[in-house]
């Protein structure tokens with residue numbers, strides 16, 4: 001896949017829109033998912049992802065096809081999302097029915113309700129984090145990015161990524177503990 005992607009990206013750099021379409025289709029779901037977690041709205045995430053792909057196309061000649069595409073694209077998507085968050089007066093609450101659920105249909109109604117409740121509490125806690133902490137949690141735990149990929153996407157040293165992730169996890173634990181005390 002990496003060799004195929006590199007070949008597609010080389011074609012993109014020469015103006016091949018069809019090759020870029022293949023790239024977009026392969027990363028669209030991942031982009032919308034990441035943007036949805038950052039923005040808290042599936043519709044906003046779709047718009048932000050589309051805007052990020054347009055920006056990526058405009059600047060594709062700056063991309064080094066020897067490197068992986070997604071970390072470079074994730075930095076563009078991140079900038080689009082941060083701009084949208086800045087324009088917003090406050091973060092909207094995510095609609096949890098838009099977020100993929102596991103194969104819960106196989107569970108009993110009581111277990112399903114408990115699982116949904118836990119999932120909703122975790123998402124509420126993630127959305128309560130600062131944008132910087134939310135972003136690093138999403139990149140690592142939901143997008144599966146390595147420290148190097150996160151460092152490249154955020155344009156920071158790996159040590160900063162490690163520190164941010166550690167602090168984000170501490171903040172998430174505190175949010176979850178605070179929620180437990182409220183129950």
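The values are calculated or read from the model by the stated rules, or taken from the named source; none is laboratory data. Not measured: the values here are computed from a predicted model. Positions of Cβ are backbone-derived with ideal geometry, glycine not excepted, and every protein chain shown enters the neighbour counts.
At-a-glance table
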item	result
Only listed residue being over 19 Å from the mean Cα position of the chain (by Cα) and surrounded by fewer than 18 Cβ atoms within 10 Å (Cβ to Cβ), chosen from 175, 180	180
Candidates 29, 15 - the one that is exposed (fewer than 12 other Cβ atoms within 10 Å of the Cβ), modelled with pLDDT of 85 or more and either touching a strand residue (DSSP E or B) at 6+ places or on another chain (Cβ under 6 Å) or assigned to a loop (DSSP other than H, G, I, E, B) (or both)	15
Any hit, region 112-122, residues being modelled with pLDDT under 85 and closer than 19 Å to residue 35 by Cβ	yes
Restricting region 32-71 to residues that are touching a residue at least 60 places away in the same chain (Cβ under 8 Å) and crowded, with 20+ Cβ neighbours inside 10 Å, the residue that is nearest to residue 15 (Cα to Cα)	69
